[in-house]
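Worksheet: the structure to be examined is printed underneath.
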Amino acid sequence: MKKIVFLLMATLIAVAAQGQENGSKYIVKTKSAVKTVAAADQADGASTSEKADEPKDFLGRYFHHVSLCDWKDGMRFMVIPDKKDMVIKTFTDAATGQMVSSRSLRHKIMVYKGHENTGGLHDHINFVCEDDGKAYYYEIPTASFDDYCYGKLGVPTLAYLGDVDTAIEVFKDKVLFTVADEYYQDTELDGDGYRTITDVPLGTEVKVVAVGVGTRSFPVKIIVAETGGDKREFYQNVAISRTNSGMRDDEFDISNMKIHTFDGAFELPGDSLAASGGYRNYIGKKVFTLYNTEMFANDGQRTRVARLSTFTIQDIKAKRGSHYVKMTLIGESTGRKYSKDVTFISQNVAGDIDGQHEDLFTSLFAWGNPLDMPGVRRANFSDVQKSIVRKGFTENEVKLALGEPTGHGEEKDTYTWVYNAPGRPYACVFFDKATKKVRNIKHLK
């Protein structure tokens, strides 16, 4: 008899130890967290400000929404009580019939064991706790399980660990890019203290350093570290499959909820290279320079690039702490890789060229390849690049060489374009009306 009791006690201890080990791997913290006294007993639950939205389509092959009606035996959840759950108890001990404090079940893992009609007023949703081996149930607030399961309420306090387990595998060591305007850092090692940070530039390259459990509504906590600089860590709690999130679909559509969905917080690299979320539409587009400018070649050497040089945009990454982005470009004629820090924000700063801000994207670049423009001939392109206009040039060749005219004139069989911008040489270009080509050009010193 003593041997049987001993073996039973050993089994229970082993089950409890296994539950603690399984549960602890889901509790992850940023390196900013510090040890606090009795933090686990004092915490009232995670932030109530986390939001959610629809995950990206390509994540659908990994993360599948499972309606309560379709839950299968063995699905695992972690008890993550919110503040209100500390007052309103969720689970009942099946052996005693007594409701249990959510605080005592915090961070314990519940395994779904089906539902039953008890013959009473309310059906039960049954669980077995991995940590203590006990059976618990949630008494649904409606008359039958079938009436209740089609709604979005689910079982309170439970964060779906199926999403967390999948995320640990899918996102391990992955490079991502930030797209939200705020993230969080832990301030307590044992509790739920955190601080909000809002200085992460759009498109910052980060690497996933840990994945764990977040909140019931947003169960996947993704901790990332910046790939450059001081490599600080921060996190976001995100909803992906939305299994048991407890939120209606329309709640995910509210704009300030999006930072707590995967595609509202992070972006995965594309098949080539990833751009900041706000600049993804620029990738793969051709641009040409409107001025001579300096870029960095692939070997890190500063290189002078001629005006009207054509490139394909390969990548854009935000630069932390500034309004600049690092743009990677591939030369159209050489295939060489270059990089250039540019901004999309116009302001008066040093680095202007003839009154134009060299680093402003819209001042430095134009879309397309100038040789694809009608009337632009390769034989004349060397002169065009040097701002030289000759007899027989077309309108587009003149525009590429001298820019938009500041004035226009017209005579019987000719029309004129006048260039008289401050700080630039005066020129008057005469076009033949019949051919629309340069007949003559006059310069004033």
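The values are calculated or read from the model by the stated rules, or taken from the named source; none is laboratory data. Since the structure is predicted, the reported quantities are computational estimates derived from the model, not experimental observations. Here the Cβ positions follow ideal geometry from the backbone for every residue, glycine too, while neighbour counts run over all protein chains shown. The accessibility values were calculated without ligands, DNA or RNA, using every heavy atom of the protein model including side chains. Shrake-Rupley method; radii C 1.70, N 1.55, O 1.52, S 1.80 Å.
Would a scan of the stretch 128-135 turn up a residue that is under 20 Å from residue 242 (Cβ atoms), modelled with pLDDT under 95 and either surrounded by 15 or more Cβ atoms within 10 Å (Cβ to Cβ) or not hydrophobic (A, V, I, L, M, F, W, C) (or both)? Checked against the condition, which is being under 20 Å from residue 242 (Cβ atoms), modelled with pLDDT under 95 and either surrounded by 15 or more Cβ atoms within 10 Å (Cβ to Cβ) or not hydrophobic (A, V, I, L, M, F, W, C) (or both), the stretch 128-135 yields no hits at all.
Scanning the stretch 157-175 finds no residues that are assigned to a loop (DSSP other than H, G, I, E, B), open to solvent by less than 50 Å² (accessible area, probe 1.4 Å) and not hydroxyl-bearing (Ser, Thr, Tyr). Kindly indicate whether residue 107 is open to solvent by 90 Å² or more (accessible area, probe 1.4 Å), in contact (Cβ under 8 Å) with a residue 60 or more places away in the chain and farther than 15 Å from residue 138 by Cα. Considered against the rule, which asks whether it is open to solvent by 90 Å² or more (accessible area, probe 1.4 Å), in contact (Cβ under 8 Å) with a residue 60 or more places away in the chain and farther than 15 Å from residue 138 by Cα, residue 107 comes out as no.
Among the residues of the stretch 195-236, those that are of a type in the set (S, T, N, Q), out of contact with any helix residue (DSSP H, G or I) (no Cβ under 6 Å at 6 or more places or on another chain), open to solvent by less than 40 Å² (accessible area, probe 1.4 Å) and at pLDDT 90 or above comprise 215, 217. When 192, 186 are checked against the criterion of being open to solvent by less than 10 Å² (accessible area, probe 1.4 Å) and of a type in the set (D, E, K, R), 186 stands alone in meeting it.
For the stretch 268-293, the candidate set comprises residues that are exposed (fewer than 14 other Cβ atoms within 10 Å of the Cβ) and farther than 13 Å from residue 328 by Cα; within that set, the residue that is modelled with the highest pLDDT is 281. Could you go through the stretch 113-121 and let me know if any residue there is outside any loop (DSSP other than H, G, I, E, B), open to solvent by 20 Å² or more (accessible area, probe 1.4 Å) and at pLDDT 95 or above. Yes, some residue in the stretch 113-121 is outside any loop (DSSP other than H, G, I, E, B), open to solvent by 20 Å² or more (accessible area, probe 1.4 Å) and at pLDDT 95 or above. For the stretch 408-445, a residue qualifies if it is over 23 Å from residue 379 (Cβ atoms), open to solvent by 20 Å² or more (accessible area, probe 1.4 Å) and of a type outside the set (D, E, K, R), and the qualifying residues are 408, 409, 415, 418, 420, 421, 422, 423, 425, 426, 444.
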